[in-house]
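Chemist: Supplied in structure tokens, the structure appears directly below.
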Amino acid sequence: MKDYMILIFPEGSPEKHQPEQGGNDNISDIGRYLEKLSLQGHLKEAQPFDPGAVTIRGSQGDFEVTSIPPNEVDSAGYYIITAENMQEAVNIAKNDPRFNQGKWRMEIRSVMQIEGIDDEAAIIDNSLE
């Protein structure tokens, strides 16, 4: 099994897809979908994004930080899933109930597994405690 990140994007106005705006009429359907993925062993993580964002661009200490207003943010959240291959990841994403409530776009990325990265992250995380 391989890990895949699914980035979730509403098509059209981002505000109409925000739960607090009433845009996510079938949030319980999404919850059931995620629970099913979890029980099947496919779901590792799923979270929505807060409205608004920041971008950072630059190099070598010369950076530009730009705020993105909540009404201009185009991504809604993400899933990290496990699947045998990209086709299975696509099939999992196609079953998301969001597609029953309007136009959505999902970007599926294969997550590279590089030896030692998780070990370094654990060392850093433990040193912060």
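Every number here is computed from the coordinates shown, using simple stated rules; none is lab data. Quantities reported herein were computed from a predicted structural model and do not represent experimental measurements. Don't worry about glycine lacking a Cβ; one is built from the backbone with ideal geometry, like all the others, and counts go over all protein chains shown.
Chemist: Highest first, please rank the peptides 1-7, 97-103 by the mean number of other Cβ atoms sitting within 10 Å of their residues.
Modeler: Details: 1-7: 16.6, 97-103: 14.6.
Output ranking for 1-7, 97-103: 1-7, 97-103.
Chemist: Testing the spin-label approximation: label points 7 Å from Cα along Cα→Cβ at Asn85 and Glu45. State their distance in nm.
Modeler: 2.7 nm
Chemist: Still on this structure: How high is the FRET efficiency from Ser38 to Ser110, r the C-beta distance, R0 25 Å, rounded to 0.05? Show your work: numbers first, answer last.
Modeler: On the way: r = 21 Å, r/R0 = 0.82.
Given R0 = 25 Å and the Cβ-Cβ separation, E is 0.75.
Chemist: Next question, about the same structure. Using a Förster distance of 25 Å, how high is the FRET efficiency between Met1 and Lys94, based on the Cβ-Cβ distance and rounded to 0.05? Intermediate values should be presented prior to the final figure.
Modeler: Details: r = 19 Å, r/R0 = 0.75.
Efficiency computed from Cβ-Cβ geometry: 0.85.
Chemist: On to the next question. Taking the mean number of other Cβ atoms within 10 Å as a proxy for protection, how do you rank 31-37, 44-50, 75-81, 63-69 from highest to lowest?
Modeler: The most tightly packed comes first, giving 75-81, 31-37, 44-50, 63-69.
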